[in-house]
């Protein structure tokens with residue numbers, strides 16, 4: 001279904017991403033570099049699953065706990081903020097794609113509409129959950145207040161992430177691999193292209209996060 005060169009590239013990049021995520025996870029868990037904010041122990045490895053070597057470099061340069069660093073540039077703070085948002089989205093998207101594929105779900109006869117629905121619902125759910133574990137401990141909030149604050153802080157940025165990803169998924173479906181040659185989640189090429197979509201989502205979420213931080217709705221990481 002996919003060209004041989006694309007499949008080979010996909011397997012190579014997927015392998016690199018898994019290795020990068022494993023290195024980050026090992027450093028956090030075994031190397032005792034646990035993050036002061038617990039949820040970031042999951043955010044950094046998840047980000048490496050789609051940004052690969054770039055995420056590993058970022059973690060080693062700016063993310064490792066317990067190291068003295070010079071003053072952080074503003075872009076680094078915002079990149080950490082967006083990666084926190086993106087990790088919840090990415091996790092929800094991956095789970096949703098596998099479920100929809102396994103259950104052969106469609107809406108109005110199209111898998112894409114089911115993917116949009118499932119991806120958004122699960123991305124929003126995991127994103128708010130990740131934000132809850134960032135906001136609630138910092139502000140000393142209970143469950144209800146914490147979830148409310150997390151939703152207020154992250155719905156806009158999560159939606160912006162999914163808009164970027166969904167636009168790319170439409171290109172995948174209608175331009176790159178139109179029916180009946182659709183890529184499916186059992187294909188390495190599918191996941192490579194989804195990683196590209198997540199990178200695009202990261203970029204489209206950036207302005208939303210900047211706006212939310214400037215308005216005081218989100219606190220910089």
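The values are calculated or read from the model by the stated rules, or taken from the named source; none is laboratory data. Remember, it's a predicted structure, so these values are computed and weren't measured experimentally. Here the Cβ is made from the backbone with ideal geometry for all residues, glycine too, and neighbour counts use every protein chain on show.
Scanning region 150-182 for residues that are surrounded by 21 or more Cβ atoms within 10 Å (Cβ to Cβ) and modelled with pLDDT under 90 gives 150, 153, 154.
State whether one or more residues within region 4-18 are farther than 16 Å from residue 195 by Cβ and either out of contact with any strand residue (DSSP E or B) (no Cβ under 8 Å at 6 or more places or on another chain) or assigned to a loop (DSSP other than H, G, I, E, B) (or both).
To start, the set of residues in region 4-18 that are farther than 16 Å from residue 195 by Cβ comprises 4-5.
Right, trim to either out of contact with any strand residue (DSSP E or B) (no Cβ under 8 Å at 6 or more places or on another chain) or assigned to a loop (DSSP other than H, G, I, E, B) (or both) and you get 4-5.
Yes - at least one qualifying residue is present in region 4-18.
When restricted to residues that are modelled with pLDDT under 95 and more than 23 Å from residue 81 (Cβ to Cβ), region 8-60 contains 4. Among residues belonging to region 103-134 that are touching a residue at least 60 places away in the same chain (Cβ under 8 Å) and surrounded by 22 or more Cβ atoms within 10 Å (Cβ to Cβ), point out the one that is nearest to residue 46 (Cα to Cα). This residue is 130.
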